[in-house]
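The values are calculated or read from the model by the stated rules, or taken from the named source; none is laboratory data. Since the model is a prediction, treat every value here as computed from it, not as a measurement. Because the Cβ atoms are built from the backbone with ideal geometry, glycine has one as well, and the counts that use them run over all protein chains shown. Accessible surface is based on the protein model in full, side chains and every heavy atom, while ligands, DNA and RNA are left aside. Shrake-Rupley method; radii C 1.70, N 1.55, O 1.52, S 1.80 Å.
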Amino acid sequence: MKETPETAASSFVERPIWHRLTVGFLLVTTLLRLAQLPTMELAGDEAYYWDWSRHLALGYYDQGPLIAYVIRITTAIFGTNEFGVRVGVCMASLGTLIACGVLARRLFSPLAGFLAVLLLAVTPLMEVGSIIATYDPLLVVFWAWAIVFLERALFSPDIAIQNRSWMLAGVMTGFGFLAKHTMLLLAPCLILFLLASAEHRKWLARPQPYLAFGIVLLMYSGVFYWNYHHHWWTFGHLFFLTTKTFGTPLSRFGDYVGGQALLLSPILFFALLWVCREARKSKVGLFLVCMGLPVFMFFCLMSLKSKVQANWSPFAWLSLTVLLSGVVASRFAEFRGQAWEIFTGKKGLLLSSITLTSLVLTVLLVSPPLRYRLGIRLSILADQSNTTYGWRETARYVQKVRQELEREGKPVFLCANGYQYAALMGFYLPDHPEIHDMFLHFRLTMYAAHVERLKSHLGENALYLNENRVEDPYLREIFERVEWAEPYPIWRRPYYAVPIRTVQLARGYNYRRYTGLEWAEGG
């Protein structure tokens, strides 16, 4: 699909400036995101994965172990702080952009490489994935590099490169699988392409794809081993997630599709669906469509049966963005103007609209003060920035009550109902204590693997944290006496006239009954 070398030398899309602009853009945006990392408190999930990193294992209840290993490394280097927890995923997002730029440049042109990086980098999806430490950015980066190596395995004329690329694709897929189990969707996407492309169908009868898959299974074997010794918790949890049925099928479908449009920006979302028609025009187009569109369609169908979160399919849009970048860049093949004119002329109208819309949504997402000044009001639950606010203040309050209880002479341990409070207090209290999840009619989490440690606290006093529940009768069964402190509101003025959450803290005296997982519910 690229121009011949003779014409490329003078082509607008092949100018060296695009490579320099790509590198400069990546450098600037990465520095800006690194500066953001310490400005927000951790969200509950981030603290939860940090707590995983304190107890390294071959597997974990919720997903694969890679996020725990990454956080363990980065906090060992940068310390136990927000920057240390998040810097790994920020670098993973940079790796995703580099992979997409490399792929677009290889398949189309340097201009396409620049556009692929630009279009992805300014989306709310990439912004969130760069500054919030979850396993999704790790999945996305390895999905991106798996596609880079699969393209070499399928389209390179060099047999040695083909063989090496199959193995490297297997390694990337294995790492992605250790991050999140949806990485395995790469296999049906690849099979679909091999079935649809007659000239590539031969690979179904060759050993390389199966050897690559063997590498994936070998890398994942530790997780199988862990699950064998832990009641197959991970797989039970994944099955539980796929059976949630909030709302009607139509409302769930609308929520999922609408969420994708907002994370990408509406214009880019529809442009990526539109560009799928390129699958009929070339094998490269077919490959890129098969590496993304089936994932989106799969989750669309799944949303008709159960609840699908918007962050379950960010990797679906990588190859489609590469394809869109190639299609847009091809329209400037004979352009003779200046680089900036691709955003200002008639040909650049779509490109300008996508970039501006994505940028505006991203800025509004990360800047509550700007939203407030513009009169944009979100509900407390809809404003996701509330999940990264108020935890230091909560920890100060907990530490004050904890010290008061310790002065009564007995050892004091800390416990909660639900993983968020347990993990966040473990992170923000000054001594980073172990916090226990009591599982009082709450779903299982990774804390279930350590629940028997509660036996060592029999006879001790405890502080119990909860949110928006003043009483819990089960506490009175496991403690001799329970005293609730005054509800502690967390305010976020001037954005909200009511507290964004209310912390409930109870003093439990003489822990007398170990229940283990007896009262746990859900998966």
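Just need a number here: residues in the range 472-515 that are in a helix (DSSP H, G or I) and within 17 Å of VAL401 (Cβ to Cβ). Before the answer, list the steps.
Residues of the range 472-515 in a helix (DSSP H, G or I): 475-478.
Next, only the ones that are within 17 Å of VAL401 (Cβ to Cβ) stay: 475.
Residues meeting the conditions: 1.
Counting residues in the range 405-424 that are open to solvent by 40 Å² or more (accessible area, probe 1.4 Å), polar (S, T, N, Q) and touching a strand residue (DSSP E or B) at 6+ places or on another chain (Cβ under 9 Å) gives one or more. All conditions in (1) open to solvent by 20 Å² or more (accessible area, probe 1.4 Å); (2) in contact (Cβ under 8 Å) with a residue 24 or more places away in the chain hold for LEU154, with the sole exception of (1).
The residue pairs whose first member lies in the range 177-206 and is in contact (Cβ under 8 Å) with a residue 24 or more places away in the chain, whose second member is of a type in the set (Val, Ile, Thr), and whose beta carbons are closer than 6 Å, counting only pairs six or more residues apart or on different chains, are PHE177/VAL216; LEU185/VAL295; LEU186/THR173.
Selection of the range 491-523 for residues being without any contact (Cβ under 8 Å) to a residue 60 or more places away in the chain, open to solvent by 30 Å² or more (accessible area, probe 1.4 Å) and touching a helix residue (DSSP H, G or I) at 6+ places or on another chain (Cβ under 8 Å) yields ARG512, ARG513. Scanning the range 427-463 for residues that are at pLDDT 95 or above and touching an Asp or Glu at 6+ places or on another chain (Cβ under 8 Å), which turns out farthest from TYR389 (Cα to Cα)? Going through the qualifying residues, I end up with ASN461. Scanning the range 254-268 for residues that are over 19 Å from the mean Cα position of the chain (by Cα) and either open to solvent by less than 30 Å² (accessible area, probe 1.4 Å) or farther than 26 Å from SER353 by Cα (or both) yields a single hit, LEU268. Taking the range 108-176 and the helices (runs of 4 or more DSSP H) fully enclosed by it, the elements with 3 or more residues that are over 16 Å from ALA92 (Cα atoms) are at 110-121, 136-155. Can you pull out the residues in the range 283-323 that are open to solvent by 10 Å² or more (accessible area, probe 1.4 Å) and either of a type outside the set (A, V, I, L, M, F, W, C) or in contact with a strand residue (DSSP E or B) (Cβ under 7 Å, 6 or more places away or on another chain) (or both)? If the condition is that a residue be open to solvent by 10 Å² or more (accessible area, probe 1.4 Å) and either of a type outside the set (A, V, I, L, M, F, W, C) or in contact with a strand residue (DSSP E or B) (Cβ under 7 Å, 6 or more places away or on another chain) (or both), then LYS283, PRO294, LYS305, LYS307, GLN309, ASN311, PRO314 are the ones that fit. Given the condition open to solvent by 10 Å² or more (accessible area, probe 1.4 Å), modelled with pLDDT of 95 or more and more than 27 Å from SER109 (Cα to Cα), answer yes or no: does some residue in the range 269-282 qualify? There is no residue in the range 269-282 that is open to solvent by 10 Å² or more (accessible area, probe 1.4 Å), modelled with pLDDT of 95 or more and more than 27 Å from SER109 (Cα to Cα).
For the range 67-107, the set of residues classified as in a helix (DSSP H, G or I), open to solvent by 30 Å² or more (accessible area, probe 1.4 Å) and of a type outside the set (A, V, I, L, M, F, W, C) consists of TYR69, ARG72, ARG105, ARG106, listed by residue number.
Among strands (runs of 3 or more DSSP E) entirely within the range 387-471, having at least 2 residues that are without any contact (Cβ under 8 Å) to a residue 40 or more places away in the chain and in contact with a helix residue (DSSP H, G or I) (Cβ under 9 Å, 6 or more places away or on another chain) singles out 435-437.
Test SER251 against the criterion of being free of Cβ contacts under 8 Å to residues at least 12 places away in the same chain and open to solvent by less than 70 Å² (accessible area, probe 1.4 Å), and give yes or no. Criteria met by SER251. Does THR394 satisfy being open to solvent by 40 Å² or more (accessible area, probe 1.4 Å), among the hydroxyl-bearing types (Ser, Thr, Tyr) and closer than 30 Å to PHE479 by Cβ? Criteria not met by THR394. If you check ALA329 against the conditions, is it touching a Phe, Trp or Tyr at 6+ places or on another chain (Cβ under 8 Å) and either surrounded by fewer than 24 Cβ atoms within 10 Å (Cβ to Cβ) or on the phi > 0 side of the Ramachandran plot (or both)? For ALA329, the condition - touching a Phe, Trp or Tyr at 6+ places or on another chain (Cβ under 8 Å) and either surrounded by fewer than 24 Cβ atoms within 10 Å (Cβ to Cβ) or on the phi > 0 side of the Ramachandran plot (or both) - is not met.
Please enumerate the residues belonging to the range 358-386 that are farther than 16 Å from ILE132 by Cα, open to solvent by 40 Å² or more (accessible area, probe 1.4 Å) and either in contact with an Asp or Glu (Cβ under 6 Å, 6 or more places away or on another chain) or assigned to a helix (DSSP H, G or I) (or both). Matches in the range 358-386: LEU359, VAL360, LEU361, PRO369, LEU370, TYR372, ARG373.
Residue by residue through the range 494-519, note down the ones that are over 28 Å from LYS410 (Cα atoms) and under 29 Å from the mean Cα position of the chain (by Cα). Break it down stepwise before answering.
Going residue by residue through the range 494-519, those that are over 28 Å from LYS410 (Cα atoms) are 494-501.
Selection gives TYR495, TYR496, PRO499, ILE500, ARG501.
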